[in-house]
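The values are calculated or read from the model by the stated rules, or taken from the named source; none is laboratory data. Quantities reported herein were computed from a predicted structural model and do not represent experimental measurements. Methodologically, a virtual Cβ is constructed for each residue, glycine included, from the backbone with ideal geometry; neighbour enumeration extends over all protein chains shown.
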Amino acid sequence: MTQPIWEPTPAQVAGTNMAAFMADVGAREGIDVSDYATLYRFSIEEPEKFWLAAWDFCDVIAESRGKTVVRNLDRMPGATWFPEARLNFAENLLRRRDEADALVLWGEDRLRRRLSFAGLYDAVSRVAQGLEAAGVGPGDRVAGMLPNAPEAIVAMLATTSLGAIWCACGPEFGVAAVLDRLRPVAPKVLFAGDGYIYNGKFLDTLDKARQVAEALPSVVRVVVVAHAGDMPEIDSIPGGIGYDDFMDSFAARDIPFRQFPFNHPVFILYSSGTTGAPKCIVHGAGGSLLVNLTAQCLHQDVSAGDRLCYWTTTGWVVWNLMVYGLGRGATLLLYDGSPYHPAPSVLFDFVEQERATFVRFTPKLIEMMAKADLEPAKTHDLSALRSITSGGSTFTARGYEYVYNNVKADVHLASPAGGTDPLAALVTGNPAGPVWAGECQVRALGMKIEIFDEAGRALHGEPGELVCTMPFPSMPLGFWDDADGTRYHAAYFETYPNVWRHGDRALLTEHDGVILVGRSDATLNARGVRIGTAEIYRQLEPLPMVLEGAAVAQEWKGDARIVLFVRLRDGVVLDDGLIQDIKERLRAHASPHHVPEKIIQAADLPRTLTGKISELAVLEAIHGRPVKNRNALVNPECLDQFAPENLPVLQR
C-alpha cells in the first residue's frame, strides 16, 4: 500500500494528548519536538528526562518521587527505577469520587449494572476493611476467580490499597488450571463468583470454587459474589461468606492509602502454561502504573470523561491493562459473555448505547465479524467512537480494511503488542500519526525496540526477533519462588545477554512501523526454510469457508513438512477443490514454501484459556507425545482427533 489507510486531520492532531505532551517536552527541555520520531528518539536517548516528563504530564500521585530516576540503566535485568519513590497503586486509580459512571456492566442481554466513581471508592473502602479484618496485609496474596464485573475491580483495588498482591483466574478456567496458578502463590483470601454468563446461559461455578478452596490450605476466607441473582447456598465452601456480608460490618470512610516503594509488588500474572507449569510473573506497582498511565494518556489518547470498552476476561492481562483507564478518570464499560449473543452485533449495541470512545477487540474477533458480514457503520451510531485497538495476535491488512470500510472510516485504529510479560505494549499506536494497513504504527515511547537476527545484529525490513535493548519501568520484578532469578533470566535474557527477547518475530517497515510475523515458537522450519505461521493464517482469512487454522511442522523422513489443520464453517467439508483453493492462494500470495504438504479438516483446534490456538499442543499430539499441561487448554478433549492412530493420512 502506497498511502496510509487513515490520517488524522490537523485539528485532530492538535487536540491529542500526544501533541500537548510534545509541546510540554519541548518547553521543558528547550528542544524542537515536532513529530513522533523526534519524541521517540528523545524517550530512548534521554530515558530519565522522558520518564520524569511522563510522570508529571500523566499526574502520578505519590508521597515522594526522590531524586534518582534509575540505577544501573546498563543492566538488564538489574535496573532499578525510582528507588526513593513512595506511592499507593490504588490511590492513583481512585482519584475521582463523583457521581459519574465509573463502571458499567452488560452481561449479554440479561444483566445491566452501574457503579459511580463515588460508589466505587466507597465499595473499595469497605472491602479493604474486610480484608484487613481477615488478616490481609502488605505482601499477602488475594486471588480472584470472578467474571468481568464490578466486584472484580473493587476486590483488586481493595487488595492493592493495602499493599497486598492481586492474582486472578477467569471463572472459565478448570479447577486444575486454577490450582496450577494459585497453589504456588498461596493466597490468603479468594474472591469467587457463583457463575458467569455465556451464550445465553448462566454457567454455575460454585462447585468449582468449593474444590479450589478445599485444595488451598492458605485460604482463610472465600468471598462469594452472586453475579446474576440471589446469593446461593454457600455452607459447603470452607470459609465461605457472601460479598455483601463481607462488607456489611464496615462503613465507607476515607481510605488511608499507605505509601509503598515504587517496586512494591502489585500483580502476579501468569504465562499461558502450554509448555509447562504457568510462570508466576510478579509486577511492580510503580513501574506498571507509570508505563500504563503513559500509554493510556499518549498512545490511546484517554482523558477524563472517556468511556473505554475492552473485550476481555479477568484472567487475561488485557483486564489488568484496562483498569489503568480509571487512573485517567475514564469510565470502564465491562462486558461478560459471548461477543456473538444474542446476536453478532451485541458489542456494537453496547458501544452505541453507552457512547464508547475507545474499544479493544482482538484480530480473531474482527475476523469473525467480517465473516458474519457485520456492517456497523450502516447499522449503529458510532459517532462517539474515536479509537479502536486490536491486539492479542497478528492483525492483517485485511482486518484494517474491514474496520475502515465497515466499522468506521474516521477512527484511530491501533494494533498494540506486548502483554503479560512486560505488562505493557512494546509496539503500539499514535493517535497523532498516519495508520498503515497491516502495521503496528510505532514503537512505544520509552521502549528501545529493535529487530535482531540470530547473531544479535539489528535488522530493518526483514524479519527477526523482537527485542528491547534498554530497561523499562514495567519489566517484571521477577518470578514467584525464583529467589536467584535463574528462571527469570532464562525466560527473557538468555538468548541475547542484557537484552529482553520478547518471543515475537517481527520486522521494521519503511514507515518505522512494525509488522508482527508470529511467535518465535510458532516458526516453522520445513525443508530448511523458516516460515511464520501468521503468514499462512493471513492467507486463510479471505476464504469464507475457513474459520481458522493451525499449521505445524511434522517430523517426516529425516526432515519436516508443513501440515495445516483447518476448522471450517458448519456443514462445509474439506474437498479437493477447497484444498486446491487454499494451496493456490498460499502459493500466489505468500510463496511456494508456504504451501502445506497436507491440509486436514479438524472439528476443533486446541486453544488456551485466553483463546489463542495452541500450535504446540497440535504438534505434540500428532507425534504421539504427551501434551504438557493440558490444563492450560479450554478444550483438551479435542486433542484426541490429532493422535497418530486417528490420523492415518499423516503416515503416508
Sole residue being at pLDDT 95 or above, within 17 Å of A285 (Cα to Cα), among the small types (G, A, S) and surrounded by 13 or more Cβ atoms within 10 Å (Cβ to Cβ), chosen from A19, A79, A53: A79
Given G242, G284, G273, which one is among the small types (G, A, S), closer than 27 Å to V175 by Cβ and at pLDDT 95 or above? G242
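I582: over 30 Å from P147 (Cα atoms) and either buried (at least 18 other Cβ atoms within 10 Å of the Cβ) or of a type in the set (S, T, Y) (or both), yes or no?
On the way: over 30 Å from P147 (Cα atoms): yes; either buried (at least 18 other Cβ atoms within 10 Å of the Cβ) or of a type in the set (S, T, Y) (or both): yes.
Yes; evaluated as a whole, the condition is true for this residue.
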Kindly establish whether G163 is on the phi > 0 side of the Ramachandran plot and either not in a strand (DSSP E or B) or not hydrophobic (A, V, I, L, M, F, W, C) (or both). yes
Would you confirm whether any residue within segment 196-215 is touching a strand residue (DSSP E or B) at 6+ places or on another chain (Cβ under 6 Å), of a type in the set (A, V, I, L, M) and under 30 Å from M475 (Cα atoms)? no
Mind listing just one residue for me: the one in segment 346-371 that is modelled with pLDDT under 95 and either more than 23 Å from the chain's Cα centre (by Cα) or of a type in the set (G, A, S) (or both) and, of those, nearest to T389 (Cα to Cα)? A370
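Residues checked against (1) closer than 15 Å to G163 by Cβ; (2) surrounded by fewer than 23 Cβ atoms within 10 Å (Cβ to Cβ):
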residue: N92; (1), (2): yes, no
residue: R95; (1), (2): no, yes
residue: E99; (1), (2): no, yes
residue: A102; (1), (2): no, no
residue: G107; (1), (2): no, yes
residue: R112; (1), (2): no, yes
residue: G119; (1), (2): no, yes
residue: R126; (1), (2): no, yes
Can you confirm whether A483 is among the small types (G, A, S), surrounded by fewer than 20 Cβ atoms within 10 Å (Cβ to Cβ), closer than 20 Å to K279 by Cβ and out of contact with any strand residue (DSSP E or B) (no Cβ under 6 Å at 6 or more places or on another chain)? yes
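Looking at E454, E450, E462 in this structure, which one is out of contact with any helix residue (DSSP H, G or I) (no Cβ under 9 Å at 6 or more places or on another chain), part of a loop (DSSP other than H, G, I, E, B) and closer than 30 Å to V282 by Cα?
Numbers: E450 fails: part of a loop (DSSP other than H, G, I, E, B); E462 fails: closer than 30 Å to V282 by Cα.
Within the list E454, E450, E462, the selection yields E454.
Considering segment 232-270 alone, what residues qualify as being among the β-branched types (V, I, T), touching a strand residue (DSSP E or B) at 6+ places or on another chain (Cβ under 8 Å) and either part of a loop (DSSP other than H, G, I, E, B) or not assigned by TED's automatic domain parsing to the domain that holds F472 (or both)? Before the answer, list the steps.
Pass one, segment 232-270, residues among the β-branched types (V, I, T): 234, 237, 241, 255, 266, 268.
Okay, now just the ones that are also touching a strand residue (DSSP E or B) at 6+ places or on another chain (Cβ under 8 Å), so 234, 237, 241, 266, 268.
Listed by number, the residues that qualify are I234, I237.
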Which listed residue, of A425, A490, is within 22 Å of G286 (Cα to Cα), among the hydrophobic types (A, V, I, L, M, F, W, C) and either in the same structural domain as W316 (by TED's automatic domain parsing) or modelled with pLDDT under 95 (or both): A425
All positions within segment 168-195 that are closer than 21 Å to V318 by Cα and modelled with pLDDT under 95: C169, G170, P171, E172, F173, G174, A177, V178, D180, R181
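In this structure, is A491 among the small types (G, A, S), in a loop (DSSP other than H, G, I, E, B) and on the phi < 0 side of the Ramachandran plot?
On the way: among the small types (G, A, S): yes; in a loop (DSSP other than H, G, I, E, B): no; on the phi < 0 side of the Ramachandran plot: yes.
So A491 does not fit the description; no.
Residues checked against (1) assigned by TED's automatic domain parsing to the domain that holds S390; (2) hydrophobic (A, V, I, L, M, F, W, C); (3) more than 30 Å from P184 (Cα to Cα):
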position	(1), (2), (3)
G287	yes, no, no
R307	yes, no, yes
V318	yes, yes, no
G329	yes, no, yes
L334	yes, yes, no
Y340	yes, no, yes
T357	yes, no, yes
P363	yes, no, yes
A370	yes, yes, yes
Only one of S43, S64 is buried (at least 20 other Cβ atoms within 10 Å of the Cβ), of a type in the set (S, T, Y) and at pLDDT 95 or above, namely S43
Can you tell which of G513, G503, G485, G518 is under 30 Å from A186 (Cβ atoms), of a type outside the set (V, I, T) and under 24 Å from the mean Cα position of the chain (by Cα)? G503
What is the residue count in segment 503-518 for residues that are part of a strand (DSSP E or B) and either among the hydrophobic types (A, V, I, L, M, F, W, C) or at pLDDT 95 or above (or both)? 7
